[in-house]
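Enquirer: I'd like to ask some things about the structure below.
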Amino acid sequence: MQPVLEGISGALPMPYAVDGMNEVLRHPDITGAFVRDAVVVTGCALLVPCLGAATLRRRTA
């Protein structure tokens, strides 16, 4: 079960957010790892509302 959960956690934004914050604490400059983590978290933050809007029914009068 552990490999399955590790695979799922790789697709979720929380590990990237934690890694990004740790990267900020360790390095004063912007690093490639931080940029990657920020892009993944931002992409997820934009993707979720778009998917939600795509699944809502549109009501016309």
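Enquirer: State all residues of region 36-52 that are open to solvent by 70 Å² or more (accessible area, probe 1.4 Å) and β-branched (Val, Ile, Thr); if no residue qualifies, say none.
Expert: Within region 36-52, VAL39, THR42, VAL48 meet the criteria.
Enquirer: What is the residue count in region 8-35 for residues that are assigned to a helix (DSSP H, G or I), charged (D, E, K, R) and either touching a strand residue (DSSP E or B) at 6+ places or on another chain (Cβ under 7 Å) or open to solvent by 70 Å² or more (accessible area, probe 1.4 Å) (or both)?
Expert: 2
The values are calculated or read from the model by the stated rules, or taken from the named source; none is laboratory data. Just so you know, these numbers come straight off a predicted model, no measurement behind them. Don't worry about glycine lacking a Cβ; one is built from the backbone with ideal geometry, like all the others, and counts go over all protein chains shown. In case anyone asks, the SASA skips ligands and DNA or RNA and just uses the protein heavy atoms, side chains included. Shrake-Rupley method; radii C 1.70, N 1.55, O 1.52, S 1.80 Å.
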